[in-house]
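Reading through the structure tokens given below for one structure.
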Amino acid sequence: MFNVIIFGPPGSGKGTQSEKLIAKYGLKHLSTGDLLRNEISAGTPLGVEAKTIMDKGQLVPDEVVIGMISNAIENNPDASGFLFDGFPRTIAQADSLDKLLELKNTRIGVVLALEVADEELEQRLLNRGKTSGRSDDVNTEVIKSRIQEYKNKTWPVLGFYEPQNKVCAVPGEGSIDQIFETLCLQIDAKKQAQDEALAED
Ligand code: B4P
């Protein structure tokens, strides 16, 4: 089993690249943003609470997203690997994810960290807001809060994975195909190293 985290600020291309990665590697895609938006569309109490928070550009409480991911892992016992998109976004989430995967006798194989300048992020999200119907993409102040939340709470998560030698920084500006190619090279290298280490055990 090989598990991947796609990491980066809002608008860095996590969702965009995830679609291509799951098609190539057959991973089960778990996006906390998508899971939350499904709850909002279904009008569940969780969705109603989450919408208020997301519309301010803030992070939904850890226990809510950890519960969602825990259920999703349980509901996919036959997955050959997971692609975590937009999760973990705090150190507490990263810690919980390690514990959940340990229960399944598996671990994170690689953290792909997309790097994009703030001005480019704002531009991409405002552009997406013209057609996506996402209320968190139309307001510059909300977009700025999301980027600030990333800097305060999410970026430190890299420090959790760095000592484990799992972080691969990837430039997230340029063509989507070119970025995808770089991500694949990183996955292939880490996957090969994991396979070799398992063969030695
Ligand atoms: P997410 O759904 O994760 O959304 P995102 O970070 O805004 O988008 P993403 O990064 O996937 O978008 P992409 O670049 O692909 O989160 C939304 C909200 O949910 C959060 O703010 C938070 O409130 C809540 N939430 C989610 N997970 C949470 C968690 N774990 N804990 C707490 N709260 C959580 O796309 C952006 C645009 O860029 C697109 O239009 C795309 O076409 C374009 N683009 C992509 N690559 C490009 C490229 N190379 N060049 C030009 N444009 C590109």
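The values are calculated or read from the model by the stated rules, or taken from the named source; none is laboratory data. As the structure is a computational prediction, the values presented were derived from the model and not from experiment. So basically every Cβ, Gly included, is an ideal-geometry build from the backbone, and we count neighbours across all protein chains shown. SASA here: full protein model, heavy atoms, side chains in, ligands and nucleic acids out. Shrake-Rupley method; radii C 1.70, N 1.55, O 1.52, S 1.80 Å.
In the chain, inverting the average of 1/r over every pair of distinct C-alpha atoms gives 17.4 Å as the Kirkwood radius. With 0.36 nm allotted per residue and the present C-alpha distance subtracted, the K99-T44 stretch has 17.0 nm of extension available. Largest first, the residues D201, D98, D177 sort by 1.4 Å accessible area into D201, D177, D98. To the nearest ten degrees, helix 14-25 and the longest principal axis of the Cα atoms of the chain are 30 degrees apart. Length gained on full extension, E115 to I53, computed as 0.36 nm times the residue gap minus the Cα-Cα distance: 19.8 nm.
Springs between Cα atoms under 10 Å define the GNM used for the chain, and in it the highest mean-square fluctuation of V167, V157, V48 occurs at V48.
Stretching the chain fully between E173 and T131 yields a gain of 13.0 nm (0.36 nm per residue, less the alpha carbon separation). In loop segments of the range 110-201 as defined by DSSP, the trypsin sites (Lys or Arg not before Pro) with at most 15 further C-beta atoms inside 10 Å of their C-beta are R134.
Separation between the Q148 and N71 pseudo-spin-labels, each 7 Å from Cα along Cα→Cβ, expressed in nm? The two pseudo-label positions are separated by 3.2 nm.
Please build a GNM for the chain, connecting alpha carbons under 10 Å apart, and tell me which residue among I40, I187, I143 fluctuates the most. Answer for the Gaussian network model of the chain: I40. Note on R107 and Q164: the model spin-label points, each 7 Å out from Cα along the C-beta direction, lie 0.7 nm apart. Database remark: amide H of V110 closer than 5 angstrom to the amide H of N3, I5 (H placed geometrically; neighbours at sequence offset of 5 or more, or on other chains; Pro and chain starts carry no H).
For the chain, the fraction of 1.4 Å probe accessible surface lying on carbon and sulfur atoms is 50 percent. Step through the table entries K28/K144; K56/K190; K24/K166; K24/K56; K130/K166, compare each Cα-Cα distance with 26 Å, and write down the pairs that go over it. Violating the 26 Å limit, Cα to Cα: K28/K144; K56/K190; K24/K56; K130/K166.
Residues of the range 39-54 with the amide nitrogen closer than 18 Å to a label point 7 Å from the Cα of E141, along Cα-to-Cβ, please. Those under the cut-off are 52-54.
Helix 91-103 and the longest principal axis of the Cα set of the chain meet at an angle near 40°. Between the residues L198, I187, S175, the greatest Cα displacement towards the positive end of the dipole of the chain, with unit charges on the Cβ of Lys, Arg, Asp and Glu, is found for S175.
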